[in-house]
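The structure's right below; bear with me while I get my questions together.
Only the coordinates and a few stated rules stand behind these numbers; no lab work does. These figures come from a predicted structure and were not determined experimentally. Positions of Cβ are backbone-derived with ideal geometry, glycine not excepted, and every protein chain shown enters the neighbour counts.
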Amino acid sequence: MRSFAISTVLVMSSLLASSTIAAPTFASTAAKTEWQETRSWDAIFTQHQVEPQQAKQQQAKPQKTKSQQASGVVVLWNENKQQGYTNNLKRANQGFLPASTFKIPNSLIALELGVVKDEHQVFKWDGKSRDIATWNRDHNLITGMKYSVVPVYQEFARQIGEARMSKMIASFDYGNEDISGNLDSFWLDGGIRISATEQIDFLRRLYHNKIHASERSQRIVKQAMLTEANSDYIIRAKTGYAVRAEPSIGWWVGWVELDNNVWFFAMNMDIPDAAGLPLRQAITKEVLKLEHVIP
């Protein structure tokens, strides 16, 4: 029953992208538009608590630490109205490490350059046991995105190479376009930065097949981004966790497809400890519900 629902909405999504929502003219529209700031969303953050980072202590008894209010930004874009909304305009325009949200452009580049043939190609597990159990097996592009398998995407980057990676990122107009640092981890700890509004701009172009990549590559990546599908909406999105940043940053970026509209979203928040990671989706969905985007 579930698979039938998903296949049905996928067909609906394909029709939506090609006909219902007309593709606008792009010139980094989202980045240049006057954004409407609504501080009422701050209450959604402050009602959630995050735990401070648990430092390794030498003492026999662990020190007690106080939880703190969640802090971050949510950016929404109403495609029909061509209007953006955020709770914190300053932070919405602040660049952060993209972390695993970079798997979206990384996938596009790998497909364009033939590093990845299609969504079915299998990438063999290298046999190294890692802490995240789902990484310790073979993957394809769909499961690699779903389980955010860093080693698979690091191999993509190595095969792409620095020169080609730099050229493609520049052609995508992605963030600050700075891939300094290690080729296979610059999105985790290198020089690249992207803001929430820039994420929205990139996602809008991807939705409308306006990235400087083939329509086929963009279609496959959007398929891999499928996160949730039901009779009311489809969500295509990607999480990110910049654990090496100070403070650590959590991301959730993507869009909600409705019958007659698309809402794009990008959120980032301070996540001192991994226990707070579920708040990325929880807070975003609360904002989407408040704005009557999802039930």
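What residue, of ASP173, ASP189, is acidic (Asp, Glu), more than 25 Å from ARG130 (Cα to Cα) and within 17 Å of the chain's Cα centre (by Cα)?
Just a single option satisfies the conditions, and that option is ASP173.
Within region 157-170, can one find any residue that is closer than 27 Å to ALA274 by Cβ and either basic (Lys, Arg) or over 15 Å from the mean Cα position of the chain (by Cα) (or both)?
Looking through region 157-170, at least one residue is closer than 27 Å to ALA274 by Cβ and either basic (Lys, Arg) or over 15 Å from the mean Cα position of the chain (by Cα) (or both).
What are the residues in region 67-88 that are part of a loop (DSSP other than H, G, I, E, B), under 16 Å from GLU257 (Cα atoms) and not basic (Lys, Arg), if any?
GLU79, ASN80, GLN82
Ok, one more. Going by the conditions given, is ARG164 without any contact (Cβ under 8 Å) to a residue 60 or more places away in the chain, part of a loop (DSSP other than H, G, I, E, B) and either of a type in the set (Lys, Arg) or touching a strand residue (DSSP E or B) at 6+ places or on another chain (Cβ under 9 Å) (or both)?
no
In the list ARG158, ARG219, ARG204, ARG137, which residue meets the criterion of being basic (Lys, Arg) and in contact with a strand residue (DSSP E or B) (Cβ under 8 Å, 6 or more places away or on another chain)?
Going through ARG158, ARG219, ARG204, ARG137 in turn, the sole match is ARG204.
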